[in-house]
Amino acid sequence: MSYISISNLSKRFVRRGQWTEALSSVDLNIAKGSFVSFIGPSGCGKSTLLRIIGGLMKAEEGGIKVGGRSPQEMQADKQFGFVPQAPALFPWRTVLQNMNLPREVNKRSRTDLAEDEADPIELLQAVGLGDFLHAYPKELSGGMRQRVGIVRAFASGAPILLMDEPFSALDEITREVLMHQLVRIWEQHKKTVIFVTHNIQEAVYLSDQVVIMSSRPGRISRVVDIDLPRPRGEKIIESPEFYQYVVRLRESLRERWEA
Amino acid sequence: MNPSIPKSGSVQASQAKQPAATRIKLPEDRFDSRLKRTGFNLLPPLLTFVLIFVLWEALIWLLDIKLVILPAPSGIFGELFGEFSFYLPHIWLTFYEAVLGFMLGMAAALLLGVLMSQSRLLERALLPVAVMANVTPIVAIAPLFIIWFGFGALPKVLISAICAFFPMLINSITGFRAIDDNNHEYLKSLHASRFEIFLKLRLPNSLPFILSAARTCMSMSVIGAVVGEMSGASKGLGNVIMVSSNYMQMERTFAAIFLLAIMGIGLTSLVRLAERKLLHWHSAE
């Protein structure tokens with residue numbers, strides 16, 4: 001049964017006075033509790049698709065249902081945990097106060113999320129930020145800030161997490177650490193995650209499914225199921241199966257690129 | 001028997017804590033060094049002032065400059081401290097007018113800033129009026145206010161408020177608008193209302209802008225108060241300067257000028273203090 005169902009979805013933008021097709025007849029079904037990555041060259045509309053799912057943008061054509069409702073209804077009910085590219089931490093709030101932000105706004109909507117809320121302090125400790133509960137964002141490194149952004153989404157109780165290239169601004173070493181931490185938290189909490197990235201290994205390591213997109217116009221070119229065992233440890237990365245998936249993804253991305 | 005006599009074990013423990021004991025002294029050291037640093041920061045400008053006054057005094061003595069042209073610092077300070085009770089009510093009145101004008105101007109500017117930052121239409125309609133009020137020399141409008149509102153404190157407060165108004169308006173609009181797109185989109189993803197976005201994001205975001213404007217506005221409002229007093233008043237430091245310079249009482253004129261300078265420094269330092277207290281999270285602090 002699909003939790004997020006997208007059918008024949010199209011989205012256009014006006015760019016330099018001309019209509020540009022950002023997304024063209026996209027069809028996709030996402031199961032509840034799965035980790036789905038969107039990968040593709042820049043301009044393939046993967047971030048746009050994420051924003052349409054989250055009710056931050058509207059599509060001109062086609063249908064989208066999230067949990068049987070419209071994205072806007074879901075958003076009004078605070079069903080989304082959004083993790084933008086740069087961690088949206090408010091500089092005048094401490095780490096813990098930033099964690100509480102989702103609870104402070106749009107209070108009326110809160111229906112059944114309270115019981116799904118995770119303890120923010122526990123989550124922060126799990127990613128090694130136990131000593132920084134009362135620190136201000138300017139006192140944290142880029143990786144630490146992004147970690148706060150990610151665990152905030154998990155703590156909020158929202159069943160769907162939307163992550164828009166959360167690791168793209170980080171250095172390689174930090175990225176790898178965060179990747180492992182993300183997979184560990186996710187395997188505990190089992191949220192539905194939409195994860196936009198342009199890093200192939202990241203996509204394979206984290207996901208149940210990888211959606212490969214191509215640009216101009218943005219469309220889905222292939223969906224690859226990743227049948228690697230869970231829980232995924234660091235050893236998986238060194239396994240031949242992992243490597244095969246990486247090669248397959250790289251090839252299908254290149255096909256599209258050259259076509 | 002004294003129960004606090006330590007056993008051999010706890011002696012060792014307290015010896016082991018020796019480094020911790022030295023660490024406990026650290027805050028005191030820090031306070032000391034902070035005092036030293038403050039002193040160190042104050043020393044250079046203080047020396048500059050002393051040097052200026054010594055040079056000034058020497059020049060007057062060497063070139064035999066007459067009192068009606070330029071009084072000696074010694075005479076000015078003599079007048080200031082000798083007749084301090086004369087200055088006190090004037091200081092108080094100018095201070096009162098400037099601070100009240102500052103608060104009035106700031107409140108009006110913030111209120112309009114909130115409205116104008118929320119509506120481009122309102123901004124387009126009202127900003128030209130504000131710009132016109134800003135570019136018109138305040139000295140030109142001041143006599144009108146005296147005619148309309150009399151010789152009391154009210155016209156001075158209003159003139160001072162007008163002086164403080166514009167920098168605060170422009171800066172607050174900028175502060176309310178210059179929010180981080182990521183943060184804005186994040187709040188939208190939670191379906192935050194417009195009011196919540198203002199309260200949680202725009203308002204705190206504008207604080208550095210507002211406080212930096214407040215420093216400018218503070219000195220502007222002192223200027224406004226003095227201009228008002230010069231346009232027609234019977235009290236206040238502006239009035240003291242007018243009257244004493246008419247009577248060639250140069251020491252008094254200079255004493256009043258010094259007092260205004262000190263008031264300006266005091267008031268802007270107060271804003272600076274607020275900045276330091278409120279903006280500890282800000283990267284520029």
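Just so it is clear, none of the values below were taken in a lab; they were calculated from the coordinates. For clarity, every value in this text was computed on a predicted model and none was experimentally measured. All Cβ positions, glycine included, derive from the backbone under ideal geometry; neighbour counts span all protein chains shown.
Listed values, structure above:
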| read-out | value |
| --- | --- |
| Partners for A:K138 among aspartates and glutamates (Cα-Cα distance below 14 Å; same-chain residues under 8 apart left out) | B:E285 |
| Relative contact order, percent, chain B [alpha-carbon distance under 8 Å, six or more residues apart] | 23 |
| Kyte-Doolittle mean at least -0.5, axial Cα span of 30 Å or more - DSSP H helices of chain B | B:26-63, B:84-118, B:153-177, B:203-231, B:250-278 |
| Peptide-level mean, for A:97-108, of C-beta atoms on other protein chains within 10 Å | 3 |
| Percent of C-alpha pairs per 5 Å bin, the stretch A:122-198, short to long | 3, 15, 29, 27, 19, 8, 1 |
| Three-way shape label, the stretch A:2-258, alpha-carbon gyration tensor, a/c 1.5 | oblate |
| Average beta-carbon neighbours from other chains, 10 Å sphere, peptide A:77-85 | 3 |
| R0 of 25 Å, Cβ-Cβ distance B:Q118-B:F149: FRET efficiency to nearest 0.05 | 0.20 |
| Entries in B:K156/B:K200; A:K11/A:K190; A:K65/A:K190; B:K156/B:K277; A:K58/A:K78; A:K190/B:K188 that, when Cα-Cα distance is taken, lie over 27 Å | B:K156/B:K200; A:K11/A:K190; B:K156/B:K277 |
| Value of D in µm² per second that Stokes-Einstein yields for the stretch B:160-285, Kirkwood Rh from Cα pairs, at 25 °C (0.890 mPa s) | 144 |
| Stokes-Einstein D for the protein assembly as shown, Kirkwood Rh over Cα pairs, 4 °C, 1.567 mPa s (µm²/s) | 45 |
| Coordinate range along principal axes, alpha carbons of the stretch A:1-125, Å, largest first | 46, 36, 27 |
| Per residue, the convex hull volume that the Cα atoms of the stretch A:79-213 enclose (Å³) | 106 |
| Lysines whose Cα lies under 30 Å from that of B:K66, excluding same-chain neighbours fewer than 8 positions away | B:K235 |
| Other protein chain Cβ atoms within 10 Å, averaged over every residue that makes up B:175-187 | 4 |
| Hull-based mean projected area of the stretch A:37-99, where the convex hull spans the alpha carbons, in square nanometres | 5.9 |
| Per-q log10 I(q)/I(0), chain B, q = 0.08, 0.09 Å⁻¹ (Debye; single scatterer per alpha-carbon; no solvent) | -0.55, -0.65 |
